[in-house]
Amino acid sequence: MRVHTTRRSWGKDANSYSGMHGWARENQSDSPRPSPNETEFDTVPRVAFGSSDSRSVFAMPTIFKRIIDKEVPAKIVHEDELCLAFHDVAPQAPTHVLVIPKKELANLAAAAGEDQALLGHLLLTAKNVAEQLGLTNGYRTVINCGRDGGQSVDHLHIHILGGRALRWPPG
């Protein structure tokens with residue numbers, strides 16, 4: 001198993017999730033040096049994207065696992081035995097919610113045949129959450145997979161974006 005480390009900004013409070021998405025995207029280099037503006041970091045070992053053994057193998061809990069375990073607060077809009085949905089702390093649209101499985105699954109590439117029902121449940125949950133939030137004029141669902149796909153947290157998640165007209169292509 002290949003494991004490498006990335007530096008993630010946790011802010012002044014070790015339980016702070018604020019800004020993590022933005023920092024992770026802006027600083028996706030192999031350099032271990034933090035930006036001059038950052039002062040506190042945790043070094044987070046993680047399984048490399050694309051590793052064949054990345055299913056359910058996490059050296060340290062991701063921020064999403066910590067949210068599932070209620071170690072980190074989140075504005076939860078849905079929870080059941082299989083998944084959790086909560087508002088993104090760095091919204092890219094007026095409504096931006098993440099749907100995550102409670103099962104630790106690094107990304108969509110790590111899913112197997114045994115995860116078929118779970119993946120279907122996540123999509124139906126995304127539909128139901130969008131309805132619950134009143135996204136009657138439409139919404140977008142996004143699953144980023146791997147570093148080049150824009151994934152910033154090594155835990156499968158579905159973005160629900162809505163509340164305004166969304167353009168194509170996204171970026």
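Only residues that are open to solvent by 30 Å² or more (accessible area, probe 1.4 Å) and either modelled with pLDDT under 95 or in a helix (DSSP H, G or I) (or both): list them for segment 98-112, please.
L108, A109
Looking at segment 83-96, can you tell me whether even one residue there is out of contact with any Gly (no Cβ under 8 Å at 6 or more places or on another chain), within 20 Å of I67 (Cβ to Cβ) and among the β-branched types (V, I, T)?
Within segment 83-96, not a single residue is out of contact with any Gly (no Cβ under 8 Å at 6 or more places or on another chain), within 20 Å of I67 (Cβ to Cβ) and among the β-branched types (V, I, T).
Return yes when D115 is in a helix (DSSP H, G or I), acidic (D, E) and either touching a strand residue (DSSP E or B) at 6+ places or on another chain (Cβ under 9 Å) or at pLDDT below 95 (or both) and no when it is not.
It is true that D115 is in a helix (DSSP H, G or I), acidic (D, E) and either touching a strand residue (DSSP E or B) at 6+ places or on another chain (Cβ under 9 Å) or at pLDDT below 95 (or both).
Which of the residues belonging to segment 149-164 are open to solvent by 50 Å² or more (accessible area, probe 1.4 Å) and either at positive phi or at pLDDT below 95 (or both)?
G163
Could you please give the count of residues in segment 133-148 that are surrounded by 13 or more Cβ atoms within 10 Å (Cβ to Cβ) and either among the small types (G, A, S) or not in a loop (DSSP other than H, G, I, E, B) (or both)?
The total comes to 5.
The values are calculated or read from the model by the stated rules, or taken from the named source; none is laboratory data. Keep in mind that what you see is a predicted model, and the values were worked out from it rather than measured. Note that each Cβ is placed from the backbone with ideal geometry, even for glycine, and that neighbours are counted across all protein chains shown. Heads up: the accessible areas ignore ligands, DNA and RNA and are worked out on the full protein's heavy atoms, side chains in. Shrake-Rupley method; radii C 1.70, N 1.55, O 1.52, S 1.80 Å.
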